[in-house]
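A.B. asks: This is the structure, below, for whatever I ask next.
The values are calculated or read from the model by the stated rules, or taken from the named source; none is laboratory data. Since we're looking at a predicted model, the values are computed, not measured. Cβ placement follows ideal geometry from the backbone for every residue including glycine, while neighbour counts extend to all protein chains displayed.
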Amino acid sequence: MTEALTARVKHISRIMSVCIALLVFAGDQMSKAMVVRSIPEHAIIPIIPHFFNLTHVKNAGAAFGIFSDAPSPLKTAILIVVSVALLVTVFAFAWQSRRLHWEAGVGLALILGGAFSNLVDRIRLGRVVDFLDFYIRGYHWYTFNLADSAIVVGAIFLILQVVFAD
């Protein structure tokens, strides 16, 4: 490969990062809208018996249900402020970096799209719509959504970039 082509493969443009973030945001918002329209709250629809259900729950807490039972009336406001602060930090870092390695660029884009989608839910509804329910026997993973998945995968991309950096 030529050096210019190698450089293009190693880096991701801001436009591509924005497109990835917008796709994550749109996909998550559309999937949540379909769940809200199609599945009554707390209903369970088995997809793969003894492994995967679709459900419709609203998470008033943070990731993995943290703080969901906290009685504070300021809980939602605090979660919104923290989410905005983290989003601004990630966006500023991504924007200031002229040329991100593709792993970091994709990772940050996935995190931005997912975090922004969950923030929109929290502002609009005061909670986040979750619907993916994986389990084995009596052990259920926390119910989550596509935005949560994008955030986790984005974090994995960032870790890979750090661990395997040139």
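A.B. asks: Are there any pairs, at least 6 apart or on different chains, whose C-beta atoms fall under 6 Å, with the first in region 108-119 and at positive phi and the second in a helix (DSSP H, G or I) and of a type in the set (Ser, Thr, Tyr), and if so, which?
C.D. replies: Partner pairs satisfying both residue conditions: none exist.
A.B. asks: Given the criteria within 22 Å of Asp133 (Cβ to Cβ) and at pLDDT 90 or above, does Ile20 qualify?
C.D. replies: Numbers: within 22 Å of Asp133 (Cβ to Cβ): no; at pLDDT 90 or above: yes.
Against the criterion (within 22 Å of Asp133 (Cβ to Cβ) and at pLDDT 90 or above), Ile20 does not qualify.
A.B. asks: Using beta carbons and a limit of 9 Å, which pairs, at least six apart or on different chains, have the first residue in region 92-105 and among the hydrophobic types (A, V, I, L, M, F, W, C) and in a helix (DSSP H, G or I) and the second one modelled with pLDDT of 80 or more and exposed (fewer than 12 other Cβ atoms within 10 Å of the Cβ)?
C.D. replies: Ala104/Val162
A.B. asks: If you don't mind, another one. Among the numbered conditions (1) at pLDDT 95 or above; (2) within 18 Å of Gly126 (Cα to Cα); (3) exposed (fewer than 15 other Cβ atoms within 10 Å of the Cβ), tell me where Ala26 comes up short.
C.D. replies: Of (1) at pLDDT 95 or above; (2) within 18 Å of Gly126 (Cα to Cα); (3) exposed (fewer than 15 other Cβ atoms within 10 Å of the Cβ), only one is false for Ala26: (2).
A.B. asks: Here's a follow-up. If we keep just the residues of region 78-123 that are more than 15 Å from Arg14 (Cβ to Cβ), of a type in the set (S, T, N, Q) and surrounded by fewer than 20 Cβ atoms within 10 Å (Cβ to Cβ), which is modelled with the highest pLDDT?
C.D. replies: Here the residue is Thr89.
A.B. asks: May I pose another question? Being under 9 Å from the mean Cα position of the chain (by Cα) and among the small types (Gly, Ala, Ser) is the filter here, so list the residues in region 124-164 that pass it.
C.D. replies: First, the residues of region 124-164 that are under 9 Å from the mean Cα position of the chain (by Cα): 145-154.
Within region 124-164, Ala147, Ser149, Ala150, Gly154 qualify.
A.B. asks: Let me ask you something else. Among the numbered conditions (1) more than 15 Å from Ile20 (Cβ to Cβ); (2) surrounded by 16 or more Cβ atoms within 10 Å (Cβ to Cβ); (3) at pLDDT 85 or above; (4) in contact with a Ser or Thr (Cβ under 8 Å, 6 or more places away or on another chain), tell me where Asp148 comes up short.
C.D. replies: Here Asp148 meets the rest and fails (4).
A.B. asks: Let me ask you something else. Restricting attention to region 32-77, which residues are among the polar types (S, T, N, Q), over 21 Å from Trp141 (Cα atoms) and at pLDDT below 95? Lay out the reasoning, then the answer.
C.D. replies: If we filter region 32-77 for residues that are among the polar types (S, T, N, Q), which is where we start, we get 38, 53, 55, 59, 68, 72, 76.
Among the residues that remain, those that are also over 21 Å from Trp141 (Cα atoms) are: 38, 72, 76.
Residues satisfying the conditions are Ser72, Thr76.
A.B. asks: In region 122-147, what residues are over 18 Å from Gly105 (Cα atoms) and part of a helix (DSSP H, G or I)? I'd like the intermediate steps shown before the answer.
C.D. replies: Step one: of region 122-147, the residues over 18 Å from Gly105 (Cα atoms) are 122-146.
Of everything in region 122-147, those that are over 18 Å from Gly105 (Cα atoms) and part of a helix (DSSP H, G or I) turn out to be Arg122, Ile123, Arg124, Leu125, Leu146.
A.B. asks: Quick check on Gly126: is it surrounded by fewer than 20 Cβ atoms within 10 Å (Cβ to Cβ), without any contact (Cβ under 8 Å) to a residue 40 or more places away in the chain and of a type in the set (Gly, Ala, Ser)? Show your work before the answer.
C.D. replies: Values: surrounded by fewer than 20 Cβ atoms within 10 Å (Cβ to Cβ): yes; without any contact (Cβ under 8 Å) to a residue 40 or more places away in the chain: no; of a type in the set (Gly, Ala, Ser): yes.
Answer is no for this residue.
A.B. asks: Still on this model: Enumerate the pairs (first residue in region 2-25 and under 18 Å from Leu112 (Cα atoms); second residue anywhere and modelled with pLDDT under 90 and part of a helix (DSSP H, G or I)) with beta-carbon separation below 6 Å, excluding pairs fewer than 6 apart on the same chain, so at least 6 apart or on different chains.
C.D. replies: Note: pairs meeting the criteria are Ile12/Trp102; Ile12/Gly105; Ser17/Gly105.
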